[in-house]
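Reading through the structure tokens given below for one structure.
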Amino acid sequence: MSEQVPQKLVPGLISATKSTKPENRVAAVAFGTALAQRLDESAQGRLMAETMALPTSGKTTGPDNRIALFNIAETIPANASTSGVAVAALAPLLSKETNEVAIEALCSALTRHLSLCTVQDIKQPDDKCLASMKKDVTSVFGQATNQRPGLQRGSSLPKPFSLVSNPLSNPRLRSCQQVQ
């Protein structure tokens, strides 16, 4: 594929991810996937940089736009040209993202590219980036567990399934155990 063709197609691809119509965003992700498979490594790196430009600058139109961009980033093959760019762009976004579906798409893309960086030691994130990721992951999981404080202590579980009660003290469970 000519070097100029992707340069002319990428702006349309990025624009389609901003569409309010879900079918246009789905088509943009499919097109981005197909385009990435046909590019060489250096062109894939440029595609990754263009894909991550909007989320890193904070100029997305909403969570649907970010989800589409993160899905495209996930489908771009993980290699030396793309993974370093992806990790550098996606890691700081982890703590900023508030939409659960977007977090899932972000984590999926980040996992794919971070695993290649660590396995092959390709432009591995620096210590500052790794410390930021550790803080972000800790804060995300901390927020998730703080939303359900009853589950941490077992107080919101039904009495027969409580972590502090004896399961054999429940007559229903005792009778089930005798049958077995």
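Values in this text are rule-based calculations from the coordinates and carry no lab data. This structure is a prediction, so every number in the text was calculated from the model and none was measured. Positions of Cβ are backbone-derived with ideal geometry, glycine not excepted, and every protein chain shown enters the neighbour counts.
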Self-check item: Net charge of Cβ neighbours under 12 Å - reference residue 32; Lys, Arg +1; Asp, Glu -1
Solution: 0
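What does the charge count around residue 64 come to, taking other residues whose C-beta lies under 9 Å from its C-beta (Lys +1, Arg +1, Asp -1, Glu -1)? If you can, show how the numbers build up before the last one.
Numbers: positive: 18, 25, 66; negative: none.
Result for the neighbourhood of residue 64: +3.
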Self-check item: In Hz, Karplus ³J(HN,Hα) per residue of the stretch 14-22 (6.51, -1.76, 1.60; θ = phi - 60°; x = Gly, Pro)
Solution: 5, 5, 5, 5, 8, 4, 7, 8, x
Practice problem: Quickly work out the residue 61-to-residue 135 label distance, labels modelled 7 Å from Cα along the C-beta direction, and quote it in nm with one decimal. | Solution: 3.3 nm
